[in-house]
Amino acid sequence: MPNDPVYKNSGFYRGSAPVALLCEGDVIGYESQFLSRWFRSPNAGSLKIDVWACGTGHGLRAIADSYGREVKIVGIEDCDFRSDEQASADCQNRLQDLEGRGVAVRGWFAWGRNEIENYFLDDKILNPVMVNWFGCKDDDVNKALDTAVQSLKVFQAVQASVYGIRRWWEHTDPAVSFRGSECLYVGGRPNWTENGLASPDKEQIKEKLLVALKRWRERFAGDKTKTPLPEKADMEKVFDEYTQVHPVQNVEADVWRTDWAGKEILKLVRQQLAHSFGRDYGGRLRDILKQQGIELGDTIPWHRWNRQTRDSIDRELEHEIQSRLVKQLFEDAANNPTSEIRTNLNRIWTALTA
């Protein structure tokens, strides 16, 4: 293998093990890093597996179909705003479909939370990492978490509503005549200002979402589908459930830890802490910040830049912190056999050894 940085993560790609664990995300993402570390540790005994990061859920299923007749496979997908019952039913259907097409699938699961990033939101994982990294206090992390949850309510409501429609579409007949679909993603992200994070107008976003749904439904006029089209009331119900998380619950409530998009919460927590606490950033992040006129030790003024620039800086910040979060979750799973994440890992291990 050439001695080039581009090959530094080549060990995460397909190897020679007789069984492969397929997950979402990229080869240097949270999921592949954590699963590779776990199943190559003594916790997995002498089990020899490859972990393949497949990008999206659709990529996960495509890779399973492509390679699953050569090696045994097990899949773990994001829960993606589904209930436990919905996710379990979908995974069972996926398993039966793959088996029916000759794929050597040994198990197909969904995380017990919305995605793996949600497990990093527990205080015992998040707080020590952020406190150590930013040189702040627990109260600072909790405050950032509180603000992230409150400012993300509208965006999470949009995501949950759209995923409900997406799930309906995936369960209907793909051969049905369909003339293109209205885009249901109507915004809702909080934005950075000089005064911090600003939430969008809930009613304005809700109205845009319902208008988009109306146009989306009109695309199906005259077409027959296996199940009835989602109604306006269905989307309103989901949207309202997510936007009515009461402020006094916020950090104490479990719903956002389990059911929301954890990656979005993590993102706003680290951005707020970077905005409030400077440190000597290293590597590529340091170079990018210097290009933006930010010196070592300065706080990061996210409001100065457009979303593209913010995202490029945030990706490097995330990479700086990611391995520490993975290590913290790994140690918790190793030391707590009855923990929630360990239950998920045990189910996967059982399938991998079948």
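The values are calculated or read from the model by the stated rules, or taken from the named source; none is laboratory data. All values reported here derive from a predicted model rather than from experimental measurement. Quick reminder, even Gly has a Cβ in these numbers, built from the backbone with ideal geometry, and neighbours come from all protein chains shown. Keep in mind that these areas ignore ligands, DNA and RNA; they rest on the heavy atoms of the full protein, side chains included. Shrake-Rupley method; radii C 1.70, N 1.55, O 1.52, S 1.80 Å.
Scanning region 20-44 for residues that are over 15 Å from Ala334 (Cα atoms) and hydrophobic (A, V, I, L, M, F, W, C) yields Ala20, Leu21, Leu22, Cys23, Val27, Ile28. Of everything in region 114-129 that's assigned to a helix (DSSP H, G or I) and of a type in the set (D, E, K, R), which residue is least open to solvent (accessible area, probe 1.4 Å)? Among residues in region 114-129 that are assigned to a helix (DSSP H, G or I) and of a type in the set (D, E, K, R), the one least open to solvent (accessible area, probe 1.4 Å) is Glu117.
Selection of region 135-153 for residues being open to solvent by less than 10 Å² (accessible area, probe 1.4 Å) and assigned to a helix (DSSP H, G or I) yields Val141, Ala144, Leu145, Ala148, Val149, Ser151. In region 190-203, the residues that are under 19 Å from Val238 (Cα atoms) and among the acidic types (Asp, Glu) form no Cβ pair under 8 Å with any partner that is part of a strand (DSSP E or B) and at pLDDT 95 or above, whether six or more places apart or across chains. In this structure, is Lys72 under 15 Å from Val269 (Cα atoms) and of a type in the set (D, E, K, R)? Answer is no for this residue. Take Asn132 and tell me if it is of a type outside the set (D, E, K, R), open to solvent by 60 Å² or more (accessible area, probe 1.4 Å), modelled with pLDDT of 95 or more and within 30 Å of Glu320 (Cβ to Cβ). For Asn132, the condition - of a type outside the set (D, E, K, R), open to solvent by 60 Å² or more (accessible area, probe 1.4 Å), modelled with pLDDT of 95 or more and within 30 Å of Glu320 (Cβ to Cβ) - is met.
When Ile165 is tested against the conditions (1) modelled with pLDDT under 90; (2) part of a loop (DSSP other than H, G, I, E, B); (3) open to solvent by less than 40 Å² (accessible area, probe 1.4 Å); (4) in contact with a helix residue (DSSP H, G or I) (Cβ under 8 Å, 6 or more places away or on another chain), the lone failure is (2). Counting only residues that are part of a loop (DSSP other than H, G, I, E, B) and exposed (fewer than 14 other Cβ atoms within 10 Å of the Cβ), region 302-317 holds 1 of them.
Looking across region 282-296, just one residue is buried (at least 18 other Cβ atoms within 10 Å of the Cβ) and under 25 Å from the mean Cα position of the chain (by Cα), and that is Leu285. Of the helices (runs of 4 or more DSSP H) that lie entirely inside region 9-110, those containing 3 or more residues that are touching a residue at least 40 places away in the same chain (Cβ under 8 Å) span 30-39, 57-67.
Under the condition of being in contact with a Leu (Cβ under 6 Å, 6 or more places away or on another chain) and among the aliphatic types (A, V, I, L, M), which residue from region 74-116 is nearest to Ser161 (Cα to Cα)? Checked region 74-116; the qualifying residue nearest to Ser161 (Cα to Cα) is Val74. Kindly indicate whether any position in region 262-278 is surrounded by fewer than 13 Cβ atoms within 10 Å (Cβ to Cβ) and either without any contact (Cβ under 8 Å) to a residue 24 or more places away in the chain or outside any loop (DSSP other than H, G, I, E, B) (or both). No, the conditions are met nowhere in region 262-278. The residue that is nearest to Val154 (Cα to Cα), among those in region 223-242 that are loosely packed, with under 12 Cβ neighbours inside 10 Å and out of contact with any helix residue (DSSP H, G or I) (no Cβ under 8 Å at 6 or more places or on another chain), is Ala233.
Selection of region 318-354 for residues being in a helix (DSSP H, G or I), touching a strand residue (DSSP E or B) at 6+ places or on another chain (Cβ under 8 Å) and not polar (S, T, N, Q) yields Arg347, Ile348, Ala351, Leu352. In this entry, Thr299 passes the filter for residues that are in contact with a Ser or Thr (Cβ under 9 Å, 6 or more places away or on another chain) and either surrounded by 13 or more Cβ atoms within 10 Å (Cβ to Cβ) or part of a loop (DSSP other than H, G, I, E, B) (or both).
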